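What follows is one structure encoded as structure tokens, with my remarks underneath.
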Amino acid sequence: MFVKRFNHFHIYYLWFFIGFMPVSAGEHPIGKFMVGSFSTGSLTGWKTKEFKGRTQYQITQIDGINALKADSNAAASGLFFEQRIDLQKTPYLNWRWRIENRLGSIDEQSKLGDDFAARVYVVVSGGLIFWNTKAINYVWASTSPKDKVWPNPFAGDHAMMVAVRSSADKTGTWATEKRNIRADYKQLTGEDIAYIDAVAIMTDTDNAEGKATAYYGDIYFTAK
């Protein structure tokens, strides 16, 4: 029973394994901190976590530049980058992404429809108290309206979902995002945090057994 329950948590906020892993502070340059340098063809620092089947991730060229391509066929696996990021220095998360198709008429706020063609999320580790781990999921929604916010149907308010893009946005077109993580976290949870401990991405289609293709551009933090 526990194994089945855990499998459904997916990588939403690395609930079980990030919570127990020591997080390295590393060097934190002033002004910018690169997390995903996909345009250089690099996946350095990114690790895979599989939950049900395997989403295929690979660096490929599109529109003349390198990007991370994700193909998911009724699968749920993701990539995560474990690194303590100082939000007092670089609170803004920047990324580019695009999806090639939507996932149809699913209820994204239910367990059976909790699938997204693309998601980028940040994790605040609970350390040894792993149930205190929390996350914000920024998703490209298929049916939820843009700016809709809701608690994840499996994790509750430990993993808040934010529809950054929706069905109103075109497929096959790049979109550029910038989010103030510290401000978002305070607005969604009421807590003022100074650090996050991991960034993750996932294209997942296992619950509704669909298919999706997405691309992720470079991911980095900036001061403004």
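Just so you know, all these numbers are worked out from the coordinates, no wet-lab data involved. What you are looking at is a predicted structure, and each value in this text was computed from that prediction instead of being measured. Quick reminder, even Gly has a Cβ in these numbers, built from the backbone with ideal geometry, and neighbours come from all protein chains shown.
Under the rule a/c < 1.5 gives rounded, and otherwise a/b versus b/c splits prolate from oblate, where does the stretch 90-157 land using the Cα gyration tensor?
oblate
State whether the stretch 28-112 is rounded, prolate or oblate according to the following rule on the C-alpha gyration tensor (a ≥ b ≥ c being the square roots of its eigenvalues): a/c under 1.5 gives rounded; otherwise a/b larger than b/c gives prolate, and the remaining case gives oblate.
Since a/c reaches 1.5 and a/b is larger than b/c, the shape of the stretch 28-112 is classed as prolate.
Can you list the residues of the stretch 77-97 with backbone N under 19 Å from a point 7 Å past the Cα of I62, pointing along Cα to Cβ?
77-80, 94-97
Considering the zone a paramagnetic label at S42 would reach in this model (a point 7 Å from Cα along the Cα-to-Cβ line), which residues of the stretch 198-224 have amide N under 20 Å from it?
What the label zone holds, given the 20 Å backbone N cut-off, is 198-201, 216-223.
Calculated FRET efficiency, S167 and T189, Cβ-Cβ r, R0 41 Å, to nearest 0.05?
Between S167 and T189 the formula returns 0.90.
For K146, give me every one of the lysines with a C-alpha distance below 27 angstrom, ignoring sequence neighbours fewer than eight places off in its own chain.
Reachable lysines: K69, K111, K134, K170, K178, K186, K211, K224.
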